[in-house]
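Participant: Have a look at this one before I ask anything.
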Protein chains: 2
Amino acid sequence: MRSKGARNARFDERRAELLDRLRARLTQRGAMRPTLRELAMSAECSVSTLNHYFGRRDDIVMAVFEDSGQRGQGQFQVTRKAGPEFENSIRDAVILSWTVMTRHGVAAMLAMGMVEGMRDDLLGPAFIDTMFEPFVIALAERLDTHVARGQMRDVDTRMAALALASPLLLGALHQGELGGAKAYPLDGEAFVDHVVQGFVRAYRAD
Amino acid sequence: MRSKGARNARFDERRAELLDRLRARLTQRGAMRPTLRELAMSAECSVSTLNHYFGRRDDIVMAVFEDSGQRGQGQFQVTRKAGPEFENSIRDAVILSWTVMTRHGVAAMLAMGMVEGMRDDLLGPAFIDTMFEPFVIALAERLDTHVARGQMRDVDTRMAALALASPLLLGALHQGELGGAKAYPLDGEAFVDHVVQGFVRAYRAD
C-alpha cells in the first residue's frame with residue numbers, strides 16, 4: 001500500500017506532465033483557442049482524465065496561467081530590486097523584459113493569455129491577476145525605490161510602470177505574435193533604447 | 001431585367017447587412033472566436049451564403065477588419081493633423097483615441113483583432129495592416145509635423161507613436177476587455193493625463 005504522500009507525488013507529477021503538453025497546445029501557432037477535445041488529444045489523454053486532473057476547460061486554462069505566473073517569479077524578483085543608478089536600472093529591467101518576451105517564449109504565453117481572456121468574465125481577470133499584474137507590480141516596486149531615493153519624480157508609479165511595460169509588450173506582440181515584422185519591421189534593440197531614453201527623460205528627478 | 005449596377009447595389013447592401021451581424025458576433029462577450037457555423041447562425045443565413053458573400057472564415061474575419069479600418073478613417077484623419085501647440089495637440093490626439101476605444105466600442109474591435117490574429121500567419125498581419133498600423137501611421141504623421149516645426153525632438157516618430165499609443169491601448173484593454181477594472185482599477189482620466197505629461201516631458205524640444 002502506497003502512502004498518501006506517494007500518491008500525491010504521483011498525482012502532481014502526472015499533472016505537471018499534462019500541463020507541459022497543454023501549454024504547448026494552447027500556444028500552438030495557427031491553432032489558438034483549442035477545444036477541450038483538442039486539448040485532450042494533444043495531452044494524449046481522455047477528456048475525463050483532464051477533468052480529473054484540472055476540472056473544466058476554464059480550469060485547465062487557469063492552471064496554465066498559474067503555472068506561467070510561477071515560471072515568471074524569477075523575472076519578477078529581479079525586476080522588483082532596483083539597481084543603484086536610475087537609467088541603468090530602467091535599462092536592465094527593460095532588457096530583461098524584452099529578452100524573456102522575445103527569446104524565451106513569454107510573448108507567446110502573454111498572447112495566449114490575451115486570446116483566452118479577452119471579453120471573458122472569468123479568464124480575463126484570471127490572466128490579469130496571475131500573469132499581467134505580478135510583472136506590473138514588481139516594476140512599480142522598482143520605481144518606488146527610485147522615487148524614495150530621489151532619483152525619480154514622485155509620480156503614480158503604477159501608472160509609470162504601465163507606461164513603461166506597454167510599449168515593450170505591444171512591440172513584442174506586434175513583431176512576433178501578430179506577424180508585423182515582415183511588413184512593418186521594428187529594430188528591437190533601437191526600440192528598447194528609444195523606450196528607455198523616453199522613460200528616463202520623462203521621469204528622472206529634475 | 002435588372003441592370004448590373006442594380007444587382008451590384010443589392011449585393012453590396014446584403015453584404016453590409018451581414019457584415020454588421022458578423023461584427024457583433026465576432027466581438028460577443030464570453031464567446032469569442034466563433035466557428036463558421038456560429039457566424040452563419042448569428043448572421044441568420046447559411047454557411048454557403050457566407051461563402052458566397054465573403055469566402056472562407058478567414059475572408060469573413062478580414063472583411064470585418066477592413067470594414068473596421070474604414071470606420072476608423074475619420075479618427076485617423078483627425079489624428080494626422082497636428083494642432084498648433086505641442087502639448088495640447090498630444091492631449092487632443094490621446095483623448096480622442098481613449099474616447100473611441102473606451103466609449104465607442106473600438107477597444108472591443110481591437111480585442112477581437114488580437115484574438116483572431118495572434119499567432120496566425122494570415123490574420124495577424126491582416127489585423128496589423130488594416131486596423132493597427134493606420135492609426136500608428138496617422139499618429140506618426142502628427143508627430144512629424146511637430147518635429148518639423150521644432151516643437152518636438154527629432155526622434156524616430158514611428159517609435160514615438162508606438163510609445164504613445166501602447167499605454168492607451170493596453171490600459172483600455174486591461175480595464176475593459178480583460179476585466180481588470182474590478183481588482184485593479186485605473187482612473188481613466190488620470191491615466192490619460194499621466195501618459196500625456198510623460199510623453200510631453202520625454203519628447204518636447206529642449
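Just so you know, all these numbers are worked out from the coordinates, no wet-lab data involved. As the structure is a prediction and not an experimental result, all values here were calculated from the model. Glycine also receives a Cβ, built like all others from the backbone with ideal geometry; neighbour counts cover every protein chain displayed.
Participant: Taking 8 Å as the Cα distance limit and 6 or more residues as the minimum spacing, I'd like the relative contact order of region B:1-73 as a percentage.
Facilitator: Over region B:1-73, the number comes to 24 percent.
Participant: Find the centroid of the Cα atoms in region A:1-38 and in region B:92-125, then give the distance between the two in whole Å.
Facilitator: 33
Participant: I need the Debye-formula profile for region A:79-204: one equal scatterer per C-alpha, no solvent, reported as log10 I(q)/I(0) at q = 0.09, 0.14 1/Å, two decimals.
Facilitator: -0.26, -0.63
Participant: Here's something else I'd like to know. What does the extension gain come out to for A:Ser48 and A:Ala190, with contour length at 0.36 nm per residue minus their alpha carbon separation?
Facilitator: Additional length available on full extension: 46.2 nm.
Participant: When the Kirkwood hydrodynamic radius is evaluated over all pairs of different C-alpha atoms of the protein assembly as shown, what value in angstrom, to one decimal, is obtained?
Facilitator: Values: mean 1/r = 0.0440 Å⁻¹.
After inverting the mean inverse Cα-Cα distance, the result is 22.7 Å.
Participant: Okay, next question. Over chain B, what is the relative contact order in whole percent, taking alpha-carbon pairs under 8 Å and six or more residues apart?
Facilitator: 21
Participant: Now a separate question. Work out the length of the dipole vector of chain A about its Cα centre, built from +1 on the beta-carbon of each Lys and Arg and -1 on the beta-carbon of each Asp and Glu, and round it to the nearest 20 debye. Numbers along the way, then the final one.
Facilitator: Details: 27 positive and 27 negative charges, 143 e Å.
Using Cβ point charges on Lys, Arg, Asp and Glu, chain A gives about 680 debye.
Participant: Also: Identify all aspartates and glutamates with a Cα-Cα distance to A:Lys4 below 13 Å; exclude those on the same chain that are fewer than 8 residues away in sequence.
Facilitator: A:Lys4 reaches A:Asp12.
Participant: Oh, and also: Provide the per-residue ³J(HN,Hα) series for region A:137-150, in order, calculated from phi with Karplus coefficients 6.51, -1.76, 1.60 and θ = phi - 60°, each as a whole number of Hz, with x at glycine and proline positions.
Facilitator: Karplus-based 3J(HN,Hα) across region A:137-150 equals 5, 4, 5, 5, 5, 4, 5, 3, 4, 5, 5, 4, 7, x Hz.
Participant: Quick one: if you take sqrt(5λ) for each eigenvalue of the C-alpha gyration tensor of region B:63-109, what semi-axes come out, biggest first, whole angstrom?
Facilitator: 23, 13, 5
Participant: A further question follows. Report, by chain and number, residues whose modeled amide H sits under 5 Å from the one on B:Met152, excluding near sequence neighbours (fewer than 5 apart, same chain).
Facilitator: Under 5 Å from the amide H of B:Met152: B:Val147, B:Ala205.
Participant: Which residue, chosen from A:Ala205, A:Gly30, A:Val47, occupies the Cα position most advanced towards the positive end of the dipole of chain A, where the dipole is computed from +1 (Lys, Arg) and -1 (Asp, Glu) charges on Cβ about the Cα centre?
Facilitator: The residue sitting farthest along the positive end of the dipole is A:Val47.
Participant: Right, another one. So which GluC sites (Glu not before Pro) in region A:15-73 end up in coil per DSSP with only 12 or fewer other C-beta atoms within 10 Å?
Facilitator: Counting only loop positions with at most 12 other Cβ atoms within 10 Å, the GluC sites (Glu not before Pro) in region A:15-73 are A:Glu44.
Participant: What are the residues whose amide H is under 5 Å from the amide H of A:Arg33, where those residues sit 5 or more places off or on another chain and H is modelled from the backbone?
Facilitator: none
Participant: Dipole size in debye (nearest 20) for the protein assembly as shown around its Cα centre, Lys and Arg Cβ +1, Asp and Glu Cβ -1?
Facilitator: Dipole about the Cα centre, nearest 20: 1140 debye.
Participant: Given charges of +1 on the Cβ of Lys and Arg and -1 on the Cβ of Asp and Glu, with all other atoms neutral, how large is the dipole of region B:97-176 about its Cα centre, in debye to the nearest 20?
Facilitator: Details: 6 positive and 9 negative charges, 78 e Å.
For region B:97-176, the charge dipole is close to 380 debye.
Participant: Moving on to the next point. What are the ³J(HN,Hα) couplings of region A:3-16, residue after residue, when phi is run through the Karplus curve with 6.51, -1.76, 1.60 and θ = phi - 60°? Round to Hz, x for glycine and proline.
Facilitator: 6, 4, x, 5, 5, 4, 4, 4, 4, 5, 5, 5, 5, 5
Participant: Sort A:Lys4, A:Lys182 so that the residue with the fewest other Cβ atoms within 10 Å of its own Cβ comes first and the one with the most comes last.
Facilitator: Details: A:Lys4 7, A:Lys182 11.
Sorted ascending by nearby Cβ count, the order is A:Lys4, A:Lys182.
Participant: Among A:Val94, A:Gly179, B:Phe76, which residue has its Cα positioned farthest towards the positive end of the charge dipole of the protein assembly as shown, with +1 placed on the Cβ of Lys and Arg, -1 on the Cβ of Asp and Glu, and the dipole taken about the Cα centre?
Facilitator: It is A:Gly179, whose Cα lies furthest towards the positive end.
Participant: Suppose R0 equals 45 Å; then what is the FRET efficiency for B:Ser3 and B:Phe76 from their Cβ-Cβ distance, rounded to the nearest 0.05?
Facilitator: 0.80
Participant: What are the ³J(HN,Hα) couplings of region A:165-180, residue after residue, when phi is run through the Karplus curve with 6.51, -1.76, 1.60 and θ = phi - 60°? Round to Hz, x for glycine and proline.
Facilitator: 6, 4, x, 5, 4, 5, x, 5, 5, 4, 6, x, 6, 9, x, x
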